[in-house]
Amino acid sequence: MKTRFLLHEEELPHRWYNVAADLDRPLDPPLDPRTNEPLSPEALAALFPRTCIEQEMCSDRFVDIPEPVQEVYRRWRPTPLQRAVNLERALGTPARIYFKYEGGSPTGSHKANTAVAQAYYNMVEGTKRLTTETGAGQWGSALAFACANFGLECTVFMVRVSYDQKPYRRAMIRLFGAKILPSPSSRTQAGQAVLAMHPDSPGSLGIAISEAIEEALHGERTKYSLGSVLNHVLLHQTVIGLEAIQQLDLAGEWPDVVVGCVGGGSNFAGLALPFFGEAQAGRRSRPRFLAVEPVVCPTLTRGEFRYDFGDTARLTPLLKMYTLGADFVPPAIHAGGLRYHGMAPIVSRLVADGVIEPLAYAQKEVFESAVLFAQSEGIIPAPETAHAVHAAIELARRCAETGEEKVILIGFSGHGHFDIAAYDSVVQGIG
Ligand SMILES: *Cc1c(COP(=O)(O)O)cnc(C)c1O
């Protein structure tokens, strides 16, 4: 039985897919918080390169991937699509489970897909330094790698709890030549304000974003880079789903369910949106789309769909999204990449429209499924990815009861090699 579906280098997609072309009505625009009017592109120019701003507002169905970006992608892309036959056997399920493996990138997750594109556009437009925030460290390491690749400097504000919990991510960010600070830090006004009230703050993505934006606004030829949420980030990630469609063709399959974990929504959207596009074009049936989050940061399952700030200090434009409120500080779970109060406006819209179904699971059951996956497939999921794995396993168990032969596609956003301590403590019942 064939279980690995690989594409050749030359089959790497040459274009990203832009879902804006296929929505039945335009997205609600980002608003300027001072006027409550739609934000002008110029207002974003202090933070982002022109090309990314254009992509943020673009409605062309496809956007060319620049050749230098493709060249970097080709070092690890196309990524494998694999069938989890050993997991299927362990579950005794008639379901066929596939996973699209993004753990083989230089930094071990899907984040490199947009980091490389953003660093490239900044380099072309004359940026010297990028600032950013990072939760668990995957985004910080991806951007540090991408900046090193295109000769940019990089400053990373890392959420304090992860800075302390994940020393190896921290070291990796330094290894790629970036500067790293724990957030909240005393370097910015936003950080100082939080520290004055909560000296022991574990930090949050919202706080770290405020710090990185402030740092970019004060720096010379310095711009800011965001690893999720925004339309252009989701656009860059669609290379995942575009490859997966070709690979499922090789397998002679079309998914009944596409499942991914959601922090800001980028890996899930990157996988799911091209499948949505195929369905909108009338070529294929629309799969069920399941977006999985932690119960302790239940943005989609318990949040409100409204305009909110992307950060704690309220420096960002207002985005129409599901949100737990910009002040929400989630507890320190191991899936640091899923600790965000908001959600990508594109994912939020599709949840509000009933196209994407949100689900929330608790850490313990998520890790139990991740351990089962690791033991059967030999691949250790990142704690974030483990949420998608758990949802897929639950579905497959149901198929075992009903006898349904569903095809389940998992977005395997990254490996958990830097999270072994988390596995150890959860397995021993102390995490
Ligand atoms: C950052 C991260 C996530 C969550 O971010 P999204 O933008 O929702 O994809 C999920 N998985 C991994 C491995 C990550 O690094």
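The values are calculated or read from the model by the stated rules, or taken from the named source; none is laboratory data. Since we're looking at a predicted model, the values are computed, not measured. Using ideal geometry, Cβ is built from the backbone for each residue, glycine included, and neighbour counts are taken over all protein chains shown. Ligands, DNA and RNA are excluded from the accessible area calculation, which covers all protein heavy atoms including side chains. Shrake-Rupley method; radii C 1.70, N 1.55, O 1.52, S 1.80 Å.
How about the range 351-366: which of its residues are open to solvent by 10 Å² or more (accessible area, probe 1.4 Å) and closer than 30 Å to D424 by Cα?
Of everything in the range 351-366, those that are open to solvent by 10 Å² or more (accessible area, probe 1.4 Å) and closer than 30 Å to D424 by Cα turn out to be P358, L359, A360, Y361, A362, Q363, K364, E365.
Please determine whether any residue of the range 193-206 is open to solvent by less than 30 Å² (accessible area, probe 1.4 Å), within 16 Å of the ligand (Cβ to nearest atom) and touching a helix residue (DSSP H, G or I) at 6+ places or on another chain (Cβ under 6 Å). Outline the logic, then answer.
Residues of the range 193-206 open to solvent by less than 30 Å² (accessible area, probe 1.4 Å): 194, 201, 203-206.
Within this subset, residues satisfying the condition of being within 16 Å of the ligand (Cβ to nearest atom) are 203-206.
Still in the list and also touching a helix residue (DSSP H, G or I) at 6+ places or on another chain (Cβ under 6 Å): 203.
Checked against the condition, which is being open to solvent by less than 30 Å² (accessible area, probe 1.4 Å), within 16 Å of the ligand (Cβ to nearest atom) and touching a helix residue (DSSP H, G or I) at 6+ places or on another chain (Cβ under 6 Å), the range 193-206 yields at least one hit.
May I ask you to list the residues in the range 382-416 that are farther than 23 Å from A269 by Cα and either at pLDDT below 95 or among the small types (G, A, S) (or both)? Lay out the reasoning, then the answer.
Of the range 382-416, the ones farther than 23 Å from A269 by Cα are 397-405.
Within the range 382-416, A400, G403 meet the criteria.
Here is a yes/no grid of residues against (1) closer than 25 Å to Q70 by Cβ; (2) crowded, with 24+ Cβ neighbours inside 10 Å; (3) out of contact with any strand residue (DSSP E or B) (no Cβ under 7 Å at 6 or more places or on another chain):
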{"position": "H232", "(1), (2), (3)": "yes, yes, yes"}
{"position": "Q237", "(1), (2), (3)": "yes, yes, yes"}
{"position": "A244", "(1), (2), (3)": "yes, yes, no"}
{"position": "E253", "(1), (2), (3)": "no, no, no"}
{"position": "C261", "(1), (2), (3)": "no, yes, no"}
{"position": "G264", "(1), (2), (3)": "yes, yes, yes"}
{"position": "N267", "(1), (2), (3)": "yes, yes, no"}
{"position": "E278", "(1), (2), (3)": "yes, no, yes"}
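Right, I245: touching a His at 6+ places or on another chain (Cβ under 8 Å) and more than 18 Å from T316 (Cα to Cα) or not? I'd like the intermediate steps shown before the answer.
Working: touching a His at 6+ places or on another chain (Cβ under 8 Å): no; more than 18 Å from T316 (Cα to Cα): yes.
Here the answer is no, as I245 does not meet what is asked.
Have a look at A115, A95, A90 and point out the one that is under 14 Å from Y73 (Cβ atoms) and either in contact with a Leu (Cβ under 9 Å, 6 or more places away or on another chain) or open to solvent by less than 10 Å² (accessible area, probe 1.4 Å) (or both).
Details: A95 fails: under 14 Å from Y73 (Cβ atoms); A90 fails: under 14 Å from Y73 (Cβ atoms).
Result: A115 is the single residue among A115, A95, A90 that is under 14 Å from Y73 (Cβ atoms) and either in contact with a Leu (Cβ under 9 Å, 6 or more places away or on another chain) or open to solvent by less than 10 Å² (accessible area, probe 1.4 Å) (or both).
Considering only the range 320-335, state which residues are touching a residue at least 24 places away in the same chain (Cβ under 8 Å), out of contact with any Leu (no Cβ under 9 Å at 6 or more places or on another chain) and in a loop (DSSP other than H, G, I, E, B).
L324, A326, D327, F328, V329, P331, A332, I333, H334, A335
What do you reckon, is A136 within 16 Å of the ligand (Cβ to nearest atom) and over 21 Å from H232 (Cα atoms)? Walk me through it before giving the result.
On the way: within 16 Å of the ligand (Cβ to nearest atom): yes; over 21 Å from H232 (Cα atoms): yes.
Answer is yes for this residue.
If I filter the range 68-87 down to residues being without any contact (Cβ under 8 Å) to a residue 40 or more places away in the chain and under 12 Å from A112 (Cα atoms), which single residue comes out as least open to solvent (accessible area, probe 1.4 Å)? Let's see the steps before the verdict.
Pass one, the range 68-87, residues without any contact (Cβ under 8 Å) to a residue 40 or more places away in the chain: 71, 75-76.
Within this subset, residues satisfying the condition of being under 12 Å from A112 (Cα atoms) are 75-76.
Numbers: R75: 143, W76: 28 Å².
Out of the qualifying residues, it is W76.
Would it be correct to say that A21 is aliphatic (A, V, I, L, M) and over 23 Å from L318 (Cβ atoms)? Spell out the reasoning first.
Details: aliphatic (A, V, I, L, M): yes; over 23 Å from L318 (Cβ atoms): yes.
In short, yes.
Within the range 351-369, does at least one residue satisfy the condition of being modelled with pLDDT of 95 or more, within 15 Å of the ligand (Cβ to nearest atom) and part of a loop (DSSP other than H, G, I, E, B)?
Among the residues of the range 351-369, not one is modelled with pLDDT of 95 or more, within 15 Å of the ligand (Cβ to nearest atom) and part of a loop (DSSP other than H, G, I, E, B), which makes the answer no.
Being at pLDDT 95 or above, open to solvent by 10 Å² or more (accessible area, probe 1.4 Å), part of a loop (DSSP other than H, G, I, E, B) and over 21 Å from L31 (Cα atoms): is that true of I379 here?
Considered against the rule, which asks whether it is at pLDDT 95 or above, open to solvent by 10 Å² or more (accessible area, probe 1.4 Å), part of a loop (DSSP other than H, G, I, E, B) and over 21 Å from L31 (Cα atoms), I379 comes out as yes.
Can you tell me which condition T312 does not meet? The list is (1) surrounded by fewer than 24 Cβ atoms within 10 Å (Cβ to Cβ); (2) more than 16 Å from the ligand (Cβ to nearest atom), and all the others hold.
The failed condition is (1).
Residue under question is T51, and the condition is that it be in a helix (DSSP H, G or I), in contact (Cβ under 8 Å) with a residue 24 or more places away in the chain and away from the ligand (no atom under 16 Å from the Cβ); does it hold? Full working, then the answer.
Numbers: in a helix (DSSP H, G or I): yes; in contact (Cβ under 8 Å) with a residue 24 or more places away in the chain: yes; away from the ligand (no atom under 16 Å from the Cβ): yes.
Against the criterion (in a helix (DSSP H, G or I), in contact (Cβ under 8 Å) with a residue 24 or more places away in the chain and away from the ligand (no atom under 16 Å from the Cβ)), T51 qualifies.
Kindly provide the set of residues from the range 298-344 that are at positive phi and touching an Asp or Glu at 6+ places or on another chain (Cβ under 9 Å), ordered by number.
First, the residues of the range 298-344 that are at positive phi: 314, 325.
G325, the sole residue that qualifies.
Does A146 qualify as being open to solvent by 20 Å² or more (accessible area, probe 1.4 Å) and either modelled with pLDDT of 95 or more or touching a Gly at 6+ places or on another chain (Cβ under 7 Å) (or both)?
So A146 does not fit the description; no.
When the residues of the range 322-350 are filtered to those that are of a type in the set (V, I, T) and more than 13 Å from the ligand (Cβ to nearest atom), which remaining residue is most open to solvent (accessible area, probe 1.4 Å)? If you could, list the steps in order and put the result at the bottom.
Narrowing the range 322-350 to residues of a type in the set (V, I, T): 323, 329, 333, 346-347.
Remaining after also requiring more than 13 Å from the ligand (Cβ to nearest atom): 323, 329.
Details: T323: 4, V329: 71 Å².
My answer is V329.
Every residue in the range 298-309 that is open to solvent by 50 Å² or more (accessible area, probe 1.4 Å) and within 16 Å of the ligand (Cβ to nearest atom), please. Working first, answer last.
Going residue by residue through the range 298-309, those that are open to solvent by 50 Å² or more (accessible area, probe 1.4 Å) are 301-302, 304-307.
Matches in the range 298-309: T301 only.
With the requirement that a residue be part of a strand (DSSP E or B), more than 9 Å from the ligand (Cβ to nearest atom) and of a type outside the set (F, W, Y), what does the range 258-290 give you?
Going through the range 258-290, the residues part of a strand (DSSP E or B) turn out to be 258-261, 288-290.
Checking the rest, the ones that are also more than 9 Å from the ligand (Cβ to nearest atom) come to 258-259, 288-290.
If the condition is that a residue be part of a strand (DSSP E or B), more than 9 Å from the ligand (Cβ to nearest atom) and of a type outside the set (F, W, Y), then V258, V259, R288, L290 are the ones that fit.
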